[in-house]
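Here's the structure we're looking at; comments come further down.
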Amino acid sequence: MIILANDDGKKMVEREEVGPFLDEYANVTGQDLVLVGAGERPDFVCEKRGRRYGLELVKAMRDPIQRRWEIIWGGDGHFHGLDAAVLVQEISYRKEEKRRSPDWQYPKSTILLIQLMDSDGEEMAEFLEDDLMDEMSETGFREIWIADYSPMEPYGTVQLFGVKPKRWRGLHRHLGYGTKPYG
């Protein structure tokens, strides 16, 4: 585990959550992305092939109170794939506005990681069509990834969906896909 300066509780959680992404990123791209620092704008500084990049994390999830009430009223609490796709797109635009702020470090080389919580990434992928990904790709982020955290408990990893650049666009099955979960 890498110990970074200015660790607080939130940053420690973010560092733990980014670990599976870094592993799957290396699997998908063949390139190691190594954490070398922590901050706020963006959340982390990484290095890949001797070059520095920002890494910004953001969670895409339903409001927990709304979800709880849905379950109380007899719903299943499932975050439908279409709703997740819309939320992911909205988040990318909100983060783009922040990336444009004058105090943002690495504005031309920041990787956006959208952490998909409470939804199935494969279901979301059905609704994230090319024209939507093209629009998201017009933001100034160097790369955009969606990490589906639904395989985290059974497989100990995430499943990635690439948005930008196009060469990595689409769903990338995690290393344990098709094997028996929980070991």
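What follows draws every value from the coordinates through simple rules; no lab data is involved. Only a predicted model underlies this, so the values are computations on that prediction, with no experimental measurement involved. With ideal geometry, Cβ positions are generated from the backbone for all residues, glycine too; neighbour counts draw on all protein chains shown.
Please compute the modelled spin-label separation between Ile72 and Ser101, points set 7 Å along Cα→Cβ, answer in nm with one decimal.
It is 3.4 nm.
For the stretch 26-77, state which chymotrypsin sites (Phe, Trp or Tyr not before Pro) are in a DSSP loop and have at most 14 other beta carbons lying within 10 Å of their beta carbon.
Answer by residue number: Trp73.
Can you pull the one-decimal nm distance between simple spin-label points at Phe127 and Val86, each 7 Å off the Cα toward Cβ?
About 0.7 nm separates the two model spin labels.
Quick check for the chain: number of Lys pairs with alpha-carbon distance under 19 Å, counting only pairs 8 or more apart or on different chains?
So the count works out to 17.
Nearest-5 percent of antiparallel DSSP beta bridges in the chain?
Of the beta bridges lying entirely in the chain, close to 55 percent run antiparallel.
Assuming 1.002 mPa s and 20 °C, estimate D for the stretch 96-174 with Stokes-Einstein, Rh taken as the Kirkwood radius over Cα pairs, in µm²/s.
161
In deg cm²/dmol, rounded to 500, what helix-only [θ] at 222 nm does the chain give when every DSSP H run of at least 4 residues adds -39500 (n - 2.57) and the total is split over its residues?
After summing the helix terms and dividing by residue count, I get -11000 deg cm²/dmol.
Are there GluC sites (Glu not before Pro) in the stretch 1-82 that DSSP marks as loop and that have at most 16 other Cβ atoms within 10 Å, and which are they?
Glu40
Scaled to the compact-protein estimate 2.2 N^0.38 Å, what is the alpha-carbon radius of gyration of the chain, rounded to two decimal places?
On the way: Rg = 16.3 Å, N = 183, 2.2 N^0.38 = 15.9 Å.
In units of the globular-protein estimate, the chain measures up at 1.02.
Only sites in a loop by DSSP and with at most 15 other Cβ atoms within 10 Å count here; which GluC sites (Glu not before Pro) in the stretch 94-153 make the cut?
The qualifying sites are Glu126, Glu129, Glu138.
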